[in-house]
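**Student:** There's a structure below that I have some questions on.
Nothing in this text is a laboratory measurement; each read-out follows from the coordinates by a stated rule. Because the structure is a prediction, the values reported are computed rather than measured. Cβ atoms come from the backbone with ideal geometry, glycine included; neighbour counts cover every protein chain shown.
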């Protein structure tokens, strides 16, 4: 047979356990929200003036606000992809042997 005092202590123990569970759950979930940042991708195909694909072109992006740089090389079909870019304004530079360097500034990248 339990007394009222024992019952009260048992209920307080459950309450403390619930609080600990909520805190543990919060600690596990919070990093997902803190580190989740919306990113986007710049992709396309590099071609010459006649529409021929250019393989092996280097495509460089520079975030104009932070200076963060990322690059890719176009594949045999001329396609390139630069993922995981934070939102912002970018300079995109394309360089290929035998071709004039192409530079495009103020290219806006929005997050997904």
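**Student:** Restricting to region 39-58, what's the tally of residues that are in contact with a strand residue (DSSP E or B) (Cβ under 7 Å, 6 or more places away or on another chain) and either outside any loop (DSSP other than H, G, I, E, B) or within 16 Å of residue 72 (Cα to Cα) (or both)?
**Tutor:** Selection size over region 39-58: 13.
**Student:** So, one more: Please enumerate the residues belonging to region 97-112 that are touching a strand residue (DSSP E or B) at 6+ places or on another chain (Cβ under 7 Å) and surrounded by 13 or more Cβ atoms within 10 Å (Cβ to Cβ).
**Tutor:** Hits for region 97-112 are 102, 107, 109.
**Student:** Can you report the number of residues in region 59-112 which are assigned to a loop (DSSP other than H, G, I, E, B) and more than 17 Å from residue 40 (Cβ to Cβ)?
**Tutor:** Total satisfying the criteria: 12.
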